Structure formats: structure tokens, C-alpha cells
1. Go through region 18-35 and give me each residue that's at pLDDT 90 or above and touching a Phe, Trp or Tyr at 6+ places or on another chain (Cβ under 7 Å).
2. Hey, any hits in region 184-191 for a residue that's farther than 25 Å from residue 245 by Cα and either outside the structural domain of residue 252 (by TED's automatic domain parsing) or surrounded by 21 or more Cβ atoms within 10 Å (Cβ to Cβ) (or both)?
3. Which number in (1) surrounded by fewer than 23 Cβ atoms within 10 Å (Cβ to Cβ); (2) in a helix (DSSP H, G or I) marks the one condition that residue 95 misses?
4. Looking at 117, 100, 134, can you tell me which residue is part of a strand (DSSP E or B) and small (Gly, Ala, Ser)?
5. When only residues in region 69-99 that are of a type in the set (D, E, K, R) and more than 26 Å from residue 31 (Cβ to Cβ) count, which is modelled with the lowest pLDDT?
6. Among the residues of region 230-259, which ones are of a type in the set (Val, Ile, Thr) and over 16 Å from residue 156 (Cβ atoms)?
7. Can you find a residue in region 204-214 that is under 12 Å from residue 165 (Cα atoms) and surrounded by fewer than 20 Cβ atoms within 10 Å (Cβ to Cβ)?
8. What's the total number of residues in region 127-146 that are modelled with pLDDT under 95 and either more than 28 Å from residue 2 (Cβ to Cβ) or among the aliphatic types (A, V, I, L, M) (or both)?
Amino acid sequence: MDWDYVKLVEVMRRLSIEAGEKIMEIYNADDFDVKTKSDDSPVTAADEAADALIAAGLRQAFPDAMLVTEEQSATHDTSGDTFLIVDPLDGTKEFIHRRGDFTVNIALVEAGRPTRGVVYAPAKGRMFYTEADGRSVEETGDLALDQIGETRPLSVSEADNAALMVVASKSHRDQATDDYISKYSVKDMKSAGSSLKFCLVATGEADLYPRLGRTMEWDTAAGHAVLAGAGGAVVRFDDLTPLAYGKDGYTNPFFIAHAPSVALKGG
């Protein structure tokens, strides 16, 4: 199908804000239930409410598009290389522990490559997305539903390979990740939850984000799109080829997100 990117970006942005409002209602409540999915990962009412809202909005706006969403397991049996993909609440553990580093993620994958996406962190009030032309921005201000506010263009850093800024996961750090990071000359480390790590590379706040752990395509597609629109790249850890989407089961291999000026090391 031919995509109307102006409409797509408007819809993704609006749905992410609406989903963020639902998530924050539950986040700010005194208590919320946490259930466990079949893979032992947690799920809350916020995941489910945000998913229902986003999926309905996307299906109404783009009825002919293939849709993959984390919380609807029936969509995981689909196959194709061009589709909309949603993680309604990435960083559920951050949400449960009220750490704020959780995001709403909506992306378009075309021919196996994320080309448009939005990453919204409602507890932090940070909104990153690709514009219709594919270039990435951060929107500042009140994030009104019907009025796009001021934006600033995003651009990856010109990395100093003698003093790199590295961002890594808050919840999934392990020895293998630390061993890989130790191959670089690191000036400083940041930790962040969810897809915000891609956005920190996109803004130039970090140069390198290695992920040596299991992720799914809905975890990464929106952040990957934002990073690509800022001039960055995401490659497989094993052979440093571009990370592709539409893989069987939507499972990712280990990967490295980076500014192109980083001299990558082998695994």
C-alpha cells in the first residue's frame, strides 16, 4: 500500500499521547494489578488499555495495513516485511517500580526496515518521532493532542572514540554486556529503561547502546526508526549487518545501536 506519511505521523503521535494519558491514570493510582504472561513477563492494566486504544486507532486509520502488537498474540503469527508494530508500554518493570523510564512505541516497518516511529515517555514528558520526511525530532512543550508544538531536530553525535558515552539497560545489565563495553574507551556510562536508550543515541546524549539479551521487534522498531532518522544505525551483534524486521516470531538477535562515527568492535 502507498503510505500517507503526513497522516501516519499525525495518527501515531496522537495515539501515543492518548495512550500515555491512560497509562498515567493507572500509574498514579494507589495500586494496580500485575499479571504474568506465558513467558513470565509482567503485564498490567496499563499495557492492556494502551494496546486496545492504539490498535483500534491504527486499524481505523489504516484498515488495510498489517498490524503486529505485543499484547495481541494472534498478530504474532502473521508474516510480512511491511507492517505497523506496537509496544503499548515498553518498560513494564520500570512502570511497576514507578521509575518513569517507560515508553509508548508505534512504528512503521517497510521492506524490513523501520522508517517511521514515535517513542513517547509520558512520565518524563519526552516525545521523539520521525516527521513525514523521515527525519527525527523531539517535540517540546505541552504535547497537545491536536496541535504539534515546537520541535528540535535530532542528530547523532560525532563520537570521540577515545572517550565514548555508552548507554545500557537498567533492568538487563549482565557480565557479557559489561565485557563488551570494556572493549571501548568509555568516558561515561548512562543507564536508561525501555526504548529511551535509542533516543539518547539519537539526541547525541550517548554514542553507543549494545544489547546482548533477548528483545522482540516491537521493543526496538520505534526507537530504531527515531535513531535512523537522526543519522544513526542499528546492526546485528554477530556480523554487524543492519538489523532487519519481519523475522520469524519477531525475535531479535543481539544488536548494537550507534552513531556511525563509533568504530565498532567485534563480539
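The values are calculated or read from the model by the stated rules, or taken from the named source; none is laboratory data. Keep in mind it's a predicted model, so treat the numbers as computed, not measured. Positions of Cβ are backbone-derived with ideal geometry, glycine not excepted, and every protein chain shown enters the neighbour counts.
1. Within region 18-35, 20 is the sole residue that qualifies.
2. Taking region 184-191 first, the residues farther than 25 Å from residue 245 by Cα are 184-191.
When the remaining residues are screened for being either outside the structural domain of residue 252 (by TED's automatic domain parsing) or surrounded by 21 or more Cβ atoms within 10 Å (Cβ to Cβ) (or both), the result is none.
No, there is no match, as no residue in region 184-191 is farther than 25 Å from residue 245 by Cα and either outside the structural domain of residue 252 (by TED's automatic domain parsing) or surrounded by 21 or more Cβ atoms within 10 Å (Cβ to Cβ) (or both).
3. Going through the list (1) surrounded by fewer than 23 Cβ atoms within 10 Å (Cβ to Cβ); (2) in a helix (DSSP H, G or I), residue 95 breaks only (1).
4. On the way: 100 fails: part of a strand (DSSP E or B); 134 fails: part of a strand (DSSP E or B).
Answer to the selection: 117.
5. In the first step, residues of region 69-99 are kept if they are of a type in the set (D, E, K, R); the result is 70-71, 77, 81, 87, 90, 93-94, 98-99.
The next check asks that each one be more than 26 Å from residue 31 (Cβ to Cβ); those that pass are 77, 81.
On the way: 77: 87, 81: 95.
Only one residue tops the list, namely 77.
6. Taking region 230-259 first, the residues of a type in the set (Val, Ile, Thr) are 234-235, 241, 251, 256.
Scanning region 230-259 gives 241, 251.
7. yes
8. Of all residues in region 127-146, those modelled with pLDDT under 95 come to 140-146.
Restricting the remaining residues to those that are either more than 28 Å from residue 2 (Cβ to Cβ) or among the aliphatic types (A, V, I, L, M) (or both) gives 140-145.
Total satisfying the criteria: 6.
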